[in-house]
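Colleague: One structure is given below, represented as structure tokens, and several questions about it will come after.
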């Protein structure tokens, strides 16, 4: 284990109990992201989701660039899969506004629904693969199944404070559910939650247009949730809850507060950005979200020389010839002076 100090973005900074870190190369994370995706048997299949990007937003004060919702249709068969159902059942457990102690339901109901959700996702292939991967790295989280489960529960579901010292939030609430913070939407980086808010008139949820898009893989969206505004809420599209949580957990454990976690989703290069919050010597997930990553171009050793390179090379050769001629002339002059 490599102890290190995690940057605290909480309301109080303090020396935290070390969150186990492990050494992992970018190539390993990239490979793991592809394996997790391949084993995500509960991801949306062809035709199960229909989206409508409409127009790109031009400015924060501009007109509504989308007259219709972002999601045109989502298959009920997909949403009735166990992990989706457990996820959707938890959506009413949280207060939208920060500063109000959680949960919105009884603590007993919250515990039961979290336990059922964890039972469901930890039994899936992506989580089994992540557990074995952490074991190969001798990560203490994967010491045994109970330790793993308790560690994941703490990271994602244990409450901490974003406002007024109240236990009003969690990593799961911020990333997967969303919050309102002084007229702005905070978090909300999940496509299922986005869809459920759109289809519920009582939520007064209004999609305004897109900032960036990658087909049916990832999107950065502008929207209003009641009176709260979000300029660029990034979401993966069609991924299962278990895949997203496994992917985000892997990236948080390996790359939080550091360079983004470089992954690929269906051939699209993405970055997963993650940050920690430290309170009362405990480390929690503060936020995790995806962004589009530009491909790095490999240098081609056999790449032909460009015209400008040829010109510079010819000029250098010409200059060298002139210097050589001048040197010979000076040498002849010195010989003549000696003779004279």
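Colleague: I'd like the residue in the range 160-190 that is outside any strand (DSSP E or B), without any contact (Cβ under 8 Å) to a residue 60 or more places away in the chain and in contact with a strand residue (DSSP E or B) (Cβ under 7 Å, 6 or more places away or on another chain) and, out of all such residues, is farthest from residue 83 (Cα to Cα).
Modeller: Looking at the filtered set, the residue picked out is 183.
Colleague: Next question. Working only within the range 68-81, note down all residues that are part of a helix (DSSP H, G or I), surrounded by 13 or more Cβ atoms within 10 Å (Cβ to Cβ) and over 24 Å from the mean Cα position of the chain (by Cα).
Modeller: Listed by number, the list is empty, since nothing qualifies.
Colleague: Does the range 117-135 contain any residue that is within 23 Å of residue 197 (Cβ to Cβ) and surrounded by fewer than 17 Cβ atoms within 10 Å (Cβ to Cβ)?
Modeller: No, there is no match, as no residue in the range 117-135 is within 23 Å of residue 197 (Cβ to Cβ) and surrounded by fewer than 17 Cβ atoms within 10 Å (Cβ to Cβ).
Colleague: Looking at (1) loosely packed, with under 15 Cβ neighbours inside 10 Å; (2) over 21 Å from the mean Cα position of the chain (by Cα); (3) at pLDDT 95 or above, which is the only condition residue 184 fails?
Modeller: Of the numbered conditions (1) loosely packed, with under 15 Cβ neighbours inside 10 Å; (2) over 21 Å from the mean Cα position of the chain (by Cα); (3) at pLDDT 95 or above, the odd one out for residue 184 is (2).
Colleague: Which of the residues spanning the range 92-116 are assigned to a helix (DSSP H, G or I) and surrounded by fewer than 16 Cβ atoms within 10 Å (Cβ to Cβ)?
Modeller: Selection gives 92, 107, 108, 109, 111, 112, 115, 116.
Colleague: Please specify each residue of the range 136-172 satisfying the condition of being out of contact with any helix residue (DSSP H, G or I) (no Cβ under 8 Å at 6 or more places or on another chain), surrounded by 14 or more Cβ atoms within 10 Å (Cβ to Cβ) and under 23 Å from residue 40 (Cβ atoms).
Modeller: Within the range 136-172, 137 is the sole residue that qualifies.
Colleague: Does any residue of the range 240-252 turn out to be over 13 Å from the mean Cα position of the chain (by Cα) and without any contact (Cβ under 8 Å) to a residue 12 or more places away in the chain?
Modeller: no
Colleague: Free of Cβ contacts under 8 Å to residues at least 12 places away in the same chain and surrounded by 14 or more Cβ atoms within 10 Å (Cβ to Cβ), is that true of residue 58?
Modeller: No; evaluated as a whole, the condition is false for this residue.
Colleague: Inside the range 237-250, can you point out the residues that are under 19 Å from residue 293 (Cβ atoms) and surrounded by 24 or more Cβ atoms within 10 Å (Cβ to Cβ)?
Modeller: 239, 243, 244, 247, 248, 250
Colleague: Further question on the same structure: Kindly evaluate residue 65 against the criterion of being under 27 Å from residue 222 (Cβ atoms), at pLDDT below 95 and buried (at least 16 other Cβ atoms within 10 Å of the Cβ).
Modeller: In short, yes.
Colleague: Could you say which residue among 96, 132, 107, 128 is within 19 Å of residue 166 (Cα to Cα) and free of Cβ contacts under 8 Å to residues at least 24 places away in the same chain?
Modeller: That would be 107, the only listed residue that is within 19 Å of residue 166 (Cα to Cα) and free of Cβ contacts under 8 Å to residues at least 24 places away in the same chain.
The values are calculated or read from the model by the stated rules, or taken from the named source; none is laboratory data. Owing to the predicted nature of the structure, the values given are computational and were not obtained by experimental measurement. Here Cβ is always computed from backbone atoms with ideal geometry, including for glycine, and neighbour counts include all displayed protein chains.
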